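For reference, the structure is listed below as structure tokens.
The values are calculated or read from the model by the stated rules, or taken from the named source; none is laboratory data. This is a predicted model, so every value here is computed, not measured. When we count neighbours, we look across all protein chains shown, and the Cβ atoms used for this are built from the backbone with ideal geometry, even at glycine. The accessibility values were calculated without ligands, DNA or RNA, using every heavy atom of the protein model including side chains. Shrake-Rupley method; radii C 1.70, N 1.55, O 1.52, S 1.80 Å.
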Amino acid sequence: MSGGTVHEDVDFMERRNQARQKLDDLTGAKGGDAEDRQTWFNEVYVRAGGDPAAIPWADLAPKAALVGWLKKHPGTGKKAIDIACGLGDNAEALAEAGYSTTAFDLSAEAVEWARRRFPKTLVSYKAADLFDLPQEWTGAFDLVHESYTVQALDGELRDAAFGAIASLIAPGGRLLFLNRVREDGTSANGPPWPVMPSEWAAFEELGLTLETESYFAIERPGRRIPHVLAVFRRGA
Ligand SMILES: C[S@@+](CC[C@H](N)C(=O)[O-])C[C@H]1O[C@@H](n2cnc3c(N)ncnc32)[C@H](O)[C@@H]1O
């Protein structure tokens with residue numbers, strides 16, 4: 001790839017489309033129970049054989065909305081955690097912005113890959129399950145970053161995700177919630193299943209206060225993809 005994003009790299013995107021077709025045929029690709037879905041995520045990383053084009057969500061760059069927010073909110077040693085970190089770009093952005101950063105993914109292969117990509121990393125990468133988090137992480141983080149995980153889960157996993165994410169936030173800490181969005185009352189033929197405002201309102205029921213909510217679209221060839229960046233805060 002020479003400059004630009006992976007989405008502008010024709011060869012990369014061709015390899016991605018080919019990989020995607022094979023991945024879509026595997027059990028768990030379109031939903032299913034927790035075991036099916038977790039098996040599928042693991043398979044994606046293992047089958048990729050080291051080619052990031054074969055990881056459908058890998059941008060090989062941090063999310064622009066996160067980078068923009070971090071410019072105004074540097075870490076100065078505060079503790080951050082990146083949920084379902086994939087190949088690590090968002091976690092690295094958090095660390096570069098001065099946060100003492102932990103990042104985890106269900107897939108041990110993803111975590112190993114992230115470590116290989118960033119050999120001098122300051123991030124503490126771990127293999128962990130959002131639905132079975134280490135006890136010592138409860139209420140331990142000043143900043144929790146969640147991008148694109150909730151939209152990748154549906155059914156019971158989706159419902160459980162809000163509580164699991166909120167459990168990580170320290171008193172006075174914040175959550176950055178960045179996902180695709182759809183209007184309340186509409187259906188989605190996922191994955192991904194864009195998130196509805198009435199769904200992320202669950203964070204308020206879990207004791208968080210909504211600080212800001214920004215809607216924007218990401219442009220891809222021939223389409224605009226609506227997103228939200230919502231920032232929540234836990235009382236001190
Ligand atoms: C759509 S990707 C998003 C990756 C990254 N957060 C991003 O913004 O690009 C979803 C990620 O969630 C991970 N994942 C799925 N279920 C998980 C779970 N129960 N616990 C932790 N990670 C999980 C997958 O392995 C995958 O890396």
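Observations, loosely collected:
- Using distinct alpha-carbon pairs, which all enter the 1/r mean, Kirkwood radius of region 33-126 in Å: 13.7 Å
- Highest-fluctuation residue, A53, A201, A29 considered, GNM on the chain with Cα pairs under 10 Å: A201
- Theoretical ellipticity at 222 nm over the chain - DSSP helices of four or more residues, -39500 (n - 2.57) apiece, nearest 500: -9500 deg cm²/dmol
- DSSP beta bridge pairing in the chain, given as percent antiparallel to the nearest 5: 50 percent
- Were the residues from E156 through A127 laid out at 0.36 nm apart, the gain over their Cα-Cα distance would be 8.3 nm.
- Of the solvent-accessible surface of the chain, computed with a 1.4 Å probe over protein heavy atoms with every protein chain present, carbon and sulfur atoms account for 50 percent.
- Listed pairs K79/K120; K30/K72; K30/K79; K30/K71 exceeding 29 Å between Cα atoms: K30/K72; K30/K79; K30/K71
- Spacing of the modelled spin labels on K30 and A108, each 7 Å from Cα toward Cβ, amounts to 3.2 nm.
- More than 14 Å apart - percent of Cα-Cα pairs taken over region 78-122: 39 percent
- Our Cα-only numbers for the chain put the radius of gyration and Dmax at 16.9, 49 Å.
- Entry comment: accessible area of the chain is 49 Å² per residue, from protein heavy atoms only and a probe of 1.4 Å.
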